[in-house]
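Structure, as structure tokens:
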Ligand SMILES: Cc1cc2nc3c(=O)[nH]c(=O)nc-3n(C[C@H](O)[C@H](O)[C@H](O)COP(=O)(O)O)c2cc1C
């Protein structure tokens with residue numbers, strides 16, 4: 001994939017539990033993305049050992065593509081110190097803080113989307129993390145709010161004005177909406193509102209973006225600076241490549257090619273079944289055949 005030749009930014013969404021070594025290798029081999037954001041590394045008590053930090057990012061860094069490392073936690077000083085150590089050890093392109101994960105366990109502990117329960121504290125939290133980092137290195141991946149999209153009216157203007165974050169990855173749902181579908185005009189309306197509230201800080205739109213045309217329309221209508229796609233990318237593995245490569249295969253062919261590459265890279269057992277579920281869905285012939293052969 002040629003980099004930076006599209007008028008807006010194109011990002012693969014991080015997917016914890018999916019982004020294992022063989023998956024990353026398969027994506028890299030088929031050149032299915034031209035940058036990475038890692039899934040989250042959750043911090044609780046202390047900064048992990050240097051070996052662990054290096055290992056966490058290694059698969060992604062091996063690609064030699066720009067890598068943004070995502071961290072999750074509740075203590076901004078711990079996150080800031082760990083982020084600085086990560087940058088020193090890996091030379092990563094940036095650090096992202098997860099402020100959107102809706103998992104009940106994560107939210108209960110106050111991390112991920114749980115941080116949005118106090119939208120008035122988001123900007124201060126980011127300022128503290130950014131204080132440990134060189135300028136322009138910090139971004140957030142965040143949802144519209146905890147239980148109301150009105151929350152963005154509280155956290156975005158302050159994030160926009162204090163320069164702590166250089167980019168906002170914005171998933172249009174609230175945390176309590178989890179993954180429930182919202183009517184399409186609502187998606188565009190929320191993203192457009194976020195772009196306005198974020199002012200000079202670029203917003204990368206996320207949520208159900210499933211084709212080049214859809215992405216172009218979202219960018220046009222909302223004036224966002226780019227798009228990120230996760231599950232639709234897994235249903236159409238050549239989706240990101242199609243932005244810059246007219247010869248990229250269609251979704252059905254792409255799924256077959258990607259699945260074959262995963263097998264070549266050594267994905268097997270439960271991991272392969274999970275990938276088949278993401279690629280084709282639970283009612284598909286491919287998925288049903290695979291579980292019948294178990
Ligand atoms: C299996 C899975 C794992 C995910 N892991 C992460 C993660 O580690 N960090 C993160 O910020 N978002 C994570 N997400 C959320 C996606 O990156 C994305 O924000 C969400 O799926 C909505 O976008 P989509 O409609 O393009 O999938 C995950 C989503 C899925 C389905």
(Q) Being in the same structural domain as residue 68 (by TED's automatic domain parsing), assigned to a loop (DSSP other than H, G, I, E, B) and either crowded, with 22+ Cβ neighbours inside 10 Å or within 19 Å of the chain's Cα centre (by Cα) (or both): is that true of residue 101 here? (A) yes
Q | Residues of region 118-146 satisfying the condition of being closer than 19 Å to residue 179 by Cβ and either surrounded by fewer than 21 Cβ atoms within 10 Å (Cβ to Cβ) or more than 13 Å from the ligand (Cβ to nearest atom) (or both) | A | 145, 146
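Listed here are the residues, each with its yes/no results for (1) at pLDDT below 95; (2) within 16 Å of the ligand (Cβ to nearest atom); (3) at positive phi.
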residue: 28; (1), (2), (3): no, no, no
residue: 31; (1), (2), (3): no, no, yes
residue: 37; (1), (2), (3): no, yes, no
residue: 52; (1), (2), (3): no, no, no
residue: 55; (1), (2), (3): no, no, no
residue: 69; (1), (2), (3): no, yes, no
residue: 74; (1), (2), (3): no, yes, no
residue: 77; (1), (2), (3): no, no, no
residue: 84; (1), (2), (3): no, no, no
Q | Cross-chain or 6+ apart pairs with Cβ under 9 Å, region 218-239 first and over 11 Å from residue 208 (Cβ atoms), then modelled with pLDDT under 95 and crowded, with 22+ Cβ neighbours inside 10 Å | A | 234/275
Q) So, of the residues in region 234-246 that are under 17 Å from residue 29 (Cβ atoms) and surrounded by fewer than 23 Cβ atoms within 10 Å (Cβ to Cβ), which turns out to be nearest to the chain's Cα centre (by Cα)? A) 234
Q: Look through region 215-243, keep the residues that are in a loop (DSSP other than H, G, I, E, B) and closer than 23 Å to residue 167 by Cα, and return whichever of them is farthest from the ligand (Cβ to nearest atom).
A: 223
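The values are calculated or read from the model by the stated rules, or taken from the named source; none is laboratory data. In this text the structure is predicted, and so the values were computed from the model without any measurement. Ideal geometry is used to build each Cβ from the backbone, glycine not excepted, and the neighbour counts take in all protein chains shown.
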